[in-house]
Structures are given as structure tokens and as C-alpha cells.
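*Asks:* Okay, handing you the structure first.
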């Protein structure tokens with residue numbers, strides 16, 4: 001029994017087989033599920049004889065340079081590239097257009113250009129011409145089901161990519177969307193040659209020194225609102241510059257610290273990535289639905305992990321976000 005709609009999955013495969021050249025993208029500030037899933041799909045498409053191009057709005061963090069095929073990803077803005085040579089745009093792991101580009105999303109496309117949206121976030125706004133949205137632990141798990149339906153041979157290389165995505169987005173099988181099917185998928189990928197210990201080493205034990213300095217500043221700035229049961233922290237662009245931290249070093253703090261404070265429901269981090277641009281990360285501790293807060297701020301995600309972005313200064317963003325949180329918690 002598949003979580004993915006089999007008829008819809010086969011319909012997408014039919015579109016892919018008819019396409020000549022396909023564009024793929026990872027989401028803004030890509031995580032390992034986004035990268036590994038996109039590279040897994042690209043590998044399958046290349047084996048089907050398709051020409052592909054992969055773009056990323058953001059620079060790829062150097063700690064993901066070990067991923068096979070990552071060198072193919074070009075830093076480019078979807079809103080500014082020539083789409084005339086592509087038949088299909090495969091968008092993976094993006095709940096909304098804003099996760100593809102921070103520029104204004106195009107409204108007009110070449111005549112035969114179609115967008116296929118494949119994602120596992122329940123907040124997905126279904127912006128594609130075809131939308132395959134299924135509530136799985138990760139986009140990698142969704143692709144695992146797709147590849148089985150498409151009768152794609154999963155070898156060691158493909159299994160490794162899928163296991164990286166699956167393990168990273170489940171926190172090594174710890175998060176609430178981890179199901180029996182997730183564990184079974186992981187086991188099958190290991191049977192194909194993927195090594196869990198290597199995936200864990202690369203995913204959870206390979207941060208650079210500057211990232212740890214970033215974590216230290218996040219912890220130093222951490223505050224708690226005990227009455228309402230949440231913690232929050234922030235980091236300014238000036239603080240990052242003082243520590244020599246670039247946007248690609250900003251990684252992991254939300255998953256490491258926001259869901260572990262006893263007596264709280266969730267946590268928040270506000271990162272000032274540039275002047276008047278703030279990225280917010282929310283993580284739940286014990287079943288609290290943080291996606292409700294993210295959606296009120298124009299973002300989305302999962303009940304346990306969500307995010308948003310705001311175009312305003314850090315002080316204004318902090319005031320706005322805390323007001324939304326307090327309103328939500330005081331209902």
C-alpha cells in the first residue's frame with residue numbers, strides 16, 4: 001500500500017518520459033532532504049536519457065559537497081533564467097513559490113512549459129500544473145515510493161541519496177512523521193547498500209567550526225517565556241559578521257536546541273540574513289502545531305517544524321512575531 005496516489009504518480013511519469021529537457025531546483029537555503037532528493041531525481045532522469053539542469057537560489061553549504069552530483073547545481077534565480085529550452089520544471093520539497101525564489105515569481109511561461117510540484121509538506125499551496133503532495137516523513141521517502149511505482153532500479157548510489165534525505169528530515173527516525181513505512185524504507189535502502197553510520201556521520205556530526213560559534217551566539221541570546229511555554233533567540237547580521245559567519249554557516253541550531261527545553265511547547269530563532277530580510281525557524285517540542293504560527297507569518301511547513309521569512313528589520317520582526325505567538329497561545 002502506497003501513501004502516494006499511484007494513478008497520479010504514473011501520470012507524472014508519463015509527462016517525464018515525453019519531456020526532452022527538464023529543470024529542477026532545490027529550495028531556498030537548502031537542507032539535506034531538498035538536496036539529496038533533487039540529486040536522486042536528477043540521477044533517475046539522466047538514466048532515462050533526459051537532459052537536466054539543477055538550480056539553487058542560495059549558495060550550497062560546503063558541508064554538503066560530499067553528495068554525488070552536487071557540483072551540477074548552479075546558483076541561479078528561477079525568476080531570471082531563460083525557460084524557453086525546458087519542457088518541465090520539477091519542483092521538489094517546496095511548499096510555496098517563495099521557497100523557489102525570493103524574487104517575484106513569474107506569472108507567464110513558455111507555451112509548453114509545465115510545473116510539476118512534488119512535496120511532503122501539508123501546507124503546500126499546490127502551485128504547480130501537476131501537484132503530488134503526500135504526507136510522508138520526507139521528500140526522499142515520497143520519492144522512494146515514486147521510484148517503486150515507476151519501477152526504477154534502486155542501486156547503491158540512488159539508495160545513499162534517498163537515505164540521506166530520509167534520515168536528515170526525520171532527525172534519524174526521531175520525529176513524529178516517522179512511521180513503520182519510513183523505517184521499512186530505510187531498511188530497504190540499507191539492503192541496497194546505503195550505510196546508516198556514514199549517513200549519520202555526514203548529517204549530524206560534520207558541522208564546521210563557524211557553525212558551532214553560531215550555535216553559541218544563539219544560545220547566548222536565548223530567552224524564555226515561561227508562562228506561555230516557549231523559547232526564542234535571534235542573531236543579527238552584525239553579530240554574524242563579528243564571528244565571521246556567512247549565511248551558509250547558519251545551520252542546525254533550530255533542530256539542535258528549540259525542541260529540547262523542558263517545560264516549553266516550542267522554540268523560535270530569527271536570523272537576520274541581510275538588511276530588512278529575516279528568516280524564522282520554528283520547532284515543536286511536544287505536539288504543538290508550529291505550522292499555525294508560520295502560516296500566519298506567510299510561511300509554512302510541518303506541525304513539528306516550520307519556517308517563514310519577513311522583509312523588515314530585526315527589531316520590527318521580533319515585535320511582530322512575538323505578538324503573533326502570544327495571540328496564538330492566549331486564545
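The values are calculated or read from the model by the stated rules, or taken from the named source; none is laboratory data. Note that the structure is a prediction, hence the values are computed from the model and not measured. Cβ: placed from backbone, ideal geometry, glycine included. Neighbour counts: every protein chain shown.
*Asks:* For the range 102-119: of the residues being touching a residue at least 40 places away in the same chain (Cβ under 8 Å) and within 27 Å of residue 166 (Cα to Cα), which is surrounded by the most Cβ atoms within 10 Å (Cβ to Cβ)?
*Replies:* 118
*Asks:* Just checking, does the range 264-271 include any residue being at pLDDT below 95 and either outside any helix (DSSP H, G or I) or over 17 Å from the mean Cα position of the chain (by Cα) (or both)?
*Replies:* Going through the range 264-271, the residues at pLDDT below 95 turn out to be none.
No - not one qualifying residue is present in the range 264-271.
*Asks:* Which fully enclosed strands (runs of 3 or more DSSP E) of the range 1-113 have 1 or more residues being in contact with a helix residue (DSSP H, G or I) (Cβ under 7 Å, 6 or more places away or on another chain) and outside the structural domain of residue 306 (by TED's automatic domain parsing)?
*Replies:* Values: elements: 21-25, 51-56, 73-75, 88-92.
Result: 21-25, 51-56, 88-92.
*Asks:* What tally of residues in the range 280-292 results from selecting those that are under 16 Å from the mean Cα position of the chain (by Cα) and at pLDDT below 95?
*Replies:* Here the count works out to 0.
*Asks:* Any residue at all in the range 98-116 that's on the phi > 0 side of the Ramachandran plot and in contact with a strand residue (DSSP E or B) (Cβ under 9 Å, 6 or more places away or on another chain)? Steps first, answer last, please.
*Replies:* If we filter the range 98-116 for residues that are on the phi > 0 side of the Ramachandran plot, which is where we start, we get none.
Taking every residue of the range 98-116 in turn, none turns out to be on the phi > 0 side of the Ramachandran plot and in contact with a strand residue (DSSP E or B) (Cβ under 9 Å, 6 or more places away or on another chain).
*Asks:* Is it the case that residue 125 is under 18 Å from residue 11 (Cβ atoms) and either in a loop (DSSP other than H, G, I, E, B) or not assigned by TED's automatic domain parsing to the domain that holds residue 310 (or both)? Explain how you work it out, then say what you get.
*Replies:* Details: under 18 Å from residue 11 (Cβ atoms): no; either in a loop (DSSP other than H, G, I, E, B) or not assigned by TED's automatic domain parsing to the domain that holds residue 310 (or both): yes.
Here the answer is no, as residue 125 does not meet what is asked.
*Asks:* Then there's this: Does residue 29 fit the bill of being without any contact (Cβ under 8 Å) to a residue 12 or more places away in the chain and under 20 Å from residue 167 (Cβ atoms)? Don't jump to the end; show me each part of the working.
*Replies:* On the way: without any contact (Cβ under 8 Å) to a residue 12 or more places away in the chain: no; under 20 Å from residue 167 (Cβ atoms): yes.
It is false that residue 29 is without any contact (Cβ under 8 Å) to a residue 12 or more places away in the chain and under 20 Å from residue 167 (Cβ atoms).
*Asks:* So which residues in the range 135-164 are outside any helix (DSSP H, G or I) and either under 16 Å from residue 67 (Cα atoms) or not assigned by TED's automatic domain parsing to the domain that holds residue 69 (or both), if there are any at all? Let's see the steps before the verdict.
*Replies:* Here is the first cut: in the range 135-164, the residues outside any helix (DSSP H, G or I) are 135-138, 150-155.
155 - this is the single residue of the range 135-164 that is outside any helix (DSSP H, G or I) and either under 16 Å from residue 67 (Cα atoms) or not assigned by TED's automatic domain parsing to the domain that holds residue 69 (or both).
*Asks:* Report, by residue number, each residue of the range 248-269 that is surrounded by fewer than 20 Cβ atoms within 10 Å (Cβ to Cβ) and in contact (Cβ under 8 Å) with a residue 24 or more places away in the chain.
*Replies:* Going through the range 248-269, the residues surrounded by fewer than 20 Cβ atoms within 10 Å (Cβ to Cβ) turn out to be 248, 252, 255-257, 260-263, 265.
Residues satisfying the conditions are 248, 252, 255, 256, 257, 260, 261, 263, 265.
*Asks:* Something else about it: Of all residues being touching a residue at least 24 places away in the same chain (Cβ under 8 Å) and closer than 15 Å to residue 121 by Cα in the range 282-292, which is surrounded by the fewest Cβ atoms within 10 Å (Cβ to Cβ)? Just the residue, please.
*Replies:* Looking only at the range 282-292, we keep the residues that are touching a residue at least 24 places away in the same chain (Cβ under 8 Å), and these are 282-285, 287, 290-292.
When the remaining residues are screened for being closer than 15 Å to residue 121 by Cα, the result is 282-283, 290-292.
Details: 282: 31, 283: 26, 290: 29, 291: 23, 292: 14.
If we take residues in the range 282-292 being touching a residue at least 24 places away in the same chain (Cβ under 8 Å) and closer than 15 Å to residue 121 by Cα, then 292 is surrounded by the fewest Cβ atoms within 10 Å (Cβ to Cβ).
*Asks:* Shifting gears a bit: Among the listed residues 35, 39, 90, 23, identify the single one that is closer than 26 Å to residue 278 by Cβ and either at pLDDT 95 or above or surrounded by fewer than 13 Cβ atoms within 10 Å (Cβ to Cβ) (or both). Full working, then the answer.
*Replies:* Details: 39 fails: closer than 26 Å to residue 278 by Cβ; 90 fails: closer than 26 Å to residue 278 by Cβ; 23 fails: closer than 26 Å to residue 278 by Cβ.
Of 35, 39, 90, 23, the one residue that is closer than 26 Å to residue 278 by Cβ and either at pLDDT 95 or above or surrounded by fewer than 13 Cβ atoms within 10 Å (Cβ to Cβ) (or both) is 35.
*Asks:* Further, regarding this structure: Taking the condition surrounded by fewer than 20 Cβ atoms within 10 Å (Cβ to Cβ) and either closer than 19 Å to residue 226 by Cα or modelled with pLDDT of 95 or more (or both), does residue 328 pass?
*Replies:* Working: surrounded by fewer than 20 Cβ atoms within 10 Å (Cβ to Cβ): yes; either closer than 19 Å to residue 226 by Cα or modelled with pLDDT of 95 or more (or both): yes.
Yes.
*Asks:* Now, a different point. Among 280, 298, 259, which is the only one that is under 21 Å from residue 93 (Cα atoms) and in a loop (DSSP other than H, G, I, E, B)?
*Replies:* Working: 280 fails: in a loop (DSSP other than H, G, I, E, B); 259 fails: under 21 Å from residue 93 (Cα atoms).
Within the list 280, 298, 259, the selection yields 298.
*Asks:* Would you check if there is a residue in the range 232-247 being under 21 Å from residue 136 (Cβ atoms) and loosely packed, with under 14 Cβ neighbours inside 10 Å?
*Replies:* First, pick out the residues of the range 232-247 that are under 21 Å from residue 136 (Cβ atoms): none.
There is no residue in the range 232-247 that is under 21 Å from residue 136 (Cβ atoms) and loosely packed, with under 14 Cβ neighbours inside 10 Å.
*Asks:* Mind checking which residues of the range 103-122 are at pLDDT below 95 and within 17 Å of the chain's Cα centre (by Cα)?
*Replies:* Of everything in the range 103-122, just one residue is at pLDDT below 95 and within 17 Å of the chain's Cα centre (by Cα), namely 122.
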